[in-house]
Amino acid sequence: MPHVPEAVSSLSRRTMLQGGGVLAAGLLIGIELPWSAAGASEPAPTGKRFNAFIHIAPDDKVTFTLPAVEMGQGVFTSQTQCIAEELDVALAAVIAAQAPPDQANYGSPVFIVQATGGSTTTMAWSGPLRKAGATARAMLVEAAAQRWHVDAASLSTENGIVTHKASGRSLRYGEVADAASRLSPPSEVKLKDPAQFRLIGKPVHRIDTPDKVIGKTVYGIDTMLPGMKFATLMASPVLGGKLGSVDQSKTLAVPGVSQVVVLDDLIAVIGDNTWSAMQGLNALTIEWRPGENASVDQTQLWQELEKASLGKGVVAKKEGDAPAKLQDDSLFEASYELPYLAHAPMEMTNCTVHVHNGGCEVWTGTQVPGYAQAGAAQALGIPPEKVTINNHMIGGGFGRRLEVDGVVKATRIAAHVEGPVKVIWSREEDIRQQLYRPLYHERLKARIEDGRIAAWHHRVTGGSVMARWLPPAFKDGIDIDAVDGAAEIPYAVGDRLVEYIRHESAVPVAFWRGVGPNGSIFAIECFMDLMAVKTDIDPLDFRRKQLEKNARALGVLNLAADKAGWGTPAPASPFGARRGRGIAIMNAFGSYLAAIADVAVSDEGDVRVTRLIIAADVGKVVNPNILEAQIQGGAIFGLSAVLFGKISFAGGQVEQSNFHDYRVLRIDETPVIEVHVVPSNENMGGIGEPGTVVVQPAVANAVFAATGVQLTRMPIDRALIAKGA
């Protein structure tokens, strides 16, 4: 994903339209706000709105309209810290509310469209939100100065109060908000000196935690409406298949079942509750017409991908003449393959829709409210403005809610149902019918001279999510996500060539936590270990040699090595006699991370990660607590992938169905994860994805160290590292 430097994250005209009264009092967008979990309630109908983000009521309550969605990553808290810091109010005085579909005001500076993902929220929004808060504060001060006929420079603010020290007078923000809203916003405002920060950089507690702890938080799946019906669905198990025939007789006899909705590619059962709908679905006798993808299987998919990788790629990066230096047989060469992966968030795909009066209303949790609105509108053939989206807190996104297939299917079903209907997918449907992390083939070639890499060739082959999801970002045949982590690397590698080959299959692909760097950085870091071992150089020393001119990368590498005790044996473990320690670094999302993993490998080939050390330089930090939690959560996600994760196909169908065969790391399998931060004054980087990316090669390299076997296709194949294999 493209990095957004703070220097260009200024407010645009569209975010500052309040001055002429365009967004005056009483014109707040009337969305339902279920985020009581964040202390949110509907803004009072009075008060003044200062820009797209801030509303101040007469009772001094500040409502902050959050441009990004909250899905567990902590943006309710971190971004509220930014607003409250510059506005000079207490964190508790701010009510966070989710933004409605509004591309003009809440479109991401990274994606242009209104979307939350790619670890971009903090780096994209912190700057504009600080300026929004500072601008509102300046307007409040100016209004007070005009009322008192004094110079604005003689006033100060603290905790939502404007004070004129010379006269001892003071005004609450709520008292001066009306007058302030009639002023033109200043063209430039001065942000606080970091030395004055009360909130930014502080480990303040998350504002959404208390309600989650007591079960008060309302997710999309919790939506309850008067007269609501419940549904579950089944689509063709074969990719792109259609419905042939269905026998509904047994289903309609199930207690609580009221209706069966039959569409060309899916069938839904409507009931008084979700259980009756699921029982009714199980009672259906369905004949599917599988179509042209009935022969698709995983072996074929791997073979076609590898064949495609032998072609000529589109150049994503070229320096010097790497091919000319990579001609003879004394080269290092390897290929790595990454599987399809499902998102598997704990909150399964769900959406409630009420189609009525020529429009519809939608209740769900989405990372892309504008896309959800457009998808529902298209399904019904109505204008988007006739669709109301009620966006809820999300119980785990990981990219799954960047897709709106759940909204579209629910809307198509709801069009045949009287009243509102909540559509909930089963776990099996969620695993088998979603869009997956692309299959990647990463082909690398390098020359080493005197311990240094002198030439480098990296060819990435895989499906393009960007070409479908954000076509303007797919330029000249390059998927900027697929080569993220490959086109720009922290190492000095001499002449280099990085290519991309787009290869699509019948399998639909989507962003997955860690996105493109998952593939490219995994391959690079495994390749670095392979070259280090073959040249008989310690993997840490080998990396240091290629990073001599990269202080930030060296900083995280050395800190991780120090904390892990690199050079000492990995500790003994009851999980296996073969022990290994692996290292990896990454630079993506504007952040640098290094991970060192200790593993134990049993005679049967089972792998247990016994310790994980991560050092991070993510630039300036808004909330250290959230930083640590995000890196740890991402690391667990990555461990699940490298140890267990794969989606495979046979007969055009996904072979996995639930957590018994699509494993995620369990609590008793989770190692101690230490996070150490390198103090930094660099621009803010992303933190939601990097932990996922960096731990996968670290674990694979640790297994390499423990067994002498470098596995080139993930997840780790136990049969290949079993003793005596």
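Some observations on this one:
- Count - residues of the stretch 39-54 that are on the phi < 0 side of the Ramachandran plot, open to solvent by 10 Å² or more (accessible area, probe 1.4 Å), part of a loop (DSSP other than H, G, I, E, B) and at pLDDT 70 or above: 0
- Elements of the type helices (runs of 4 or more DSSP H) sitting completely within the stretch 266-360 and holding at least 1 residues that are under 28 Å from residue 381 (Cβ atoms) and not β-branched (Val, Ile, Thr): these cover 274-282.
- Subset of the stretch 236-253 that is under 20 Å from residue 417 (Cα atoms) and open to solvent by less than 30 Å² (accessible area, probe 1.4 Å) - its residue that is farthest from the chain's Cα centre (by Cα): 251
- Residue tally, condition β-branched (Val, Ile, Thr) and exposed (fewer than 14 other Cβ atoms within 10 Å of the Cβ), over the stretch 181-216: 2
- Inspection of the stretch 80-100 finds a residue satisfying the criterion of being surrounded by fewer than 24 Cβ atoms within 10 Å (Cβ to Cβ), of a type outside the set (Gly, Ala, Ser), touching a strand residue (DSSP E or B) at 6+ places or on another chain (Cβ under 9 Å) and more than 29 Å from residue 158 (Cβ to Cβ).
- Filter pass, residue 292 being of a type in the set (Asp, Glu), in contact (Cβ under 8 Å) with a residue 24 or more places away in the chain and out of contact with any Asp or Glu (no Cβ under 8 Å at 6 or more places or on another chain): yes
- Total residues in the stretch 361-382, condition assigned to a strand (DSSP E or B) and open to solvent by 10 Å² or more (accessible area, probe 1.4 Å): 2
- A residue that is closer than 30 Å to residue 347 by Cα, of a type in the set (Gly, Ala, Ser) and within 28 Å of the chain's Cα centre (by Cα) occurs nowhere in the stretch 130-152.
- Residue that is surrounded by the most Cβ atoms within 10 Å (Cβ to Cβ), among those in the stretch 141-172 that are in contact with a Leu (Cβ under 9 Å, 6 or more places away or on another chain) and touching a residue at least 60 places away in the same chain (Cβ under 8 Å): 160
- Of the residues making up the stretch 648-695, those that are assigned to a loop (DSSP other than H, G, I, E, B), touching a Leu at 6+ places or on another chain (Cβ under 8 Å) and either charged (D, E, K, R) or closer than 15 Å to residue 619 by Cα (or both) are 663, 678, 687.
- Considering (1) free of Cβ contacts under 8 Å to residues at least 24 places away in the same chain; (2) in contact with a strand residue (DSSP E or B) (Cβ under 6 Å, 6 or more places away or on another chain); (3) surrounded by fewer than 17 Cβ atoms within 10 Å (Cβ to Cβ), the lone condition that residue 257 does not fulfil carries the number (3).
- For the stretch 656-709, a residue qualifies if it is surrounded by fewer than 16 Cβ atoms within 10 Å (Cβ to Cβ) and touching a strand residue (DSSP E or B) at 6+ places or on another chain (Cβ under 7 Å), and exactly one does: 672.
- Residue check, residue 330 open to solvent by 10 Å² or more (accessible area, probe 1.4 Å), modelled with pLDDT of 95 or more, more than 26 Å from the chain's Cα centre (by Cα) and polar (S, T, N, Q): no
- A Cβ distance below 7 Å, combined with a sequence gap of six or more or placement on separate chains, defines the contacts here; from the stretch 420-439, residues that are closer than 15 Å to residue 231 by Cβ reach residues that are of a type in the set (A, V, I, L, M, F, W, C) and in a loop (DSSP other than H, G, I, E, B) in the pairs 420/225; 420/228; 421/228; 422/228; 424/348; 425/348; 430/348.
- Looking across the stretch 581-629 at every residue that is polar (S, T, N, Q) and in a strand (DSSP E or B), the one that is nearest to residue 484 (Cα to Cα) is identified as 587.
- A residue that is more than 30 Å from residue 373 (Cβ to Cβ), out of contact with any helix residue (DSSP H, G or I) (no Cβ under 7 Å at 6 or more places or on another chain) and polar (S, T, N, Q) occurs nowhere in the stretch 122-138.
- Residues that are out of contact with any Pro (no Cβ under 7 Å at 6 or more places or on another chain) and of a type in the set (A, V, I, L, M) were ranked within the stretch 565-583; the one that is nearest to residue 523 (Cα to Cα) is 570.
- Here residue 370 meets each of (1) at pLDDT below 95; (2) within 22 Å of residue 259 (Cβ to Cβ) with one exception, condition (2).
- One residue from 251, 217, 285 being more than 25 Å from residue 356 (Cβ to Cβ) and at pLDDT below 95: 217
- Boolean, residue 104 is open to solvent by 10 Å² or more (accessible area, probe 1.4 Å), among the small types (Gly, Ala, Ser) and modelled with pLDDT under 90: yes
- Annotation note: Cβ proximity below 8 Å between a residue of the stretch 651-675 that is in contact (Cβ under 8 Å) with a residue 40 or more places away in the chain and of a type in the set (D, E, K, R) and a residue that is open to solvent by 60 Å² or more (accessible area, probe 1.4 Å) and assigned to a helix (DSSP H, G or I) (sequence gap 6+ or interchain) occurs for 674/563.
- Hits in the stretch 64-88 (condition: of a type in the set (Asp, Glu) and either assigned to a helix (DSSP H, G or I) or without any contact (Cβ under 8 Å) to a residue 40 or more places away in the chain (or both)): 85, 86
- All positions within the stretch 465-481 that are surrounded by fewer than 23 Cβ atoms within 10 Å (Cβ to Cβ) and in a loop (DSSP other than H, G, I, E, B): 470, 476, 477, 480
- The stretch 387-450 holds strands (runs of 3 or more DSSP E) entirely within its bounds, and those carrying 1 or more residues that are under 28 Å from residue 67 (Cα atoms) and over 24 Å from the mean Cα position of the chain (by Cα) map to 387-391, 421-424.
- Residue in the stretch 173-180 that is part of a loop (DSSP other than H, G, I, E, B), over 27 Å from residue 618 (Cβ atoms) and open to solvent by 30 Å² or more (accessible area, probe 1.4 Å) present: no
- Selected residue (criterion: surrounded by the most Cβ atoms within 10 Å (Cβ to Cβ)) from residues of the stretch 263-277 that are aliphatic (A, V, I, L, M) and over 25 Å from residue 226 (Cα atoms): 266
- Within the stretch 506-528, one or more residues are in a strand (DSSP E or B) and modelled with pLDDT of 95 or more.
- Matching entry among 318, 325 (being open to solvent by 50 Å² or more (accessible area, probe 1.4 Å) and in contact with a Leu (Cβ under 6 Å, 6 or more places away or on another chain)): 318
The values are calculated or read from the model by the stated rules, or taken from the named source; none is laboratory data. Given the structure is predicted, the values throughout are model-derived calculations rather than measurements. All Cβ positions, glycine included, derive from the backbone under ideal geometry; neighbour counts span all protein chains shown. All accessible areas refer to the heavy atoms of the entire protein, side chains included, with ligands and DNA or RNA removed. Shrake-Rupley method; radii C 1.70, N 1.55, O 1.52, S 1.80 Å.
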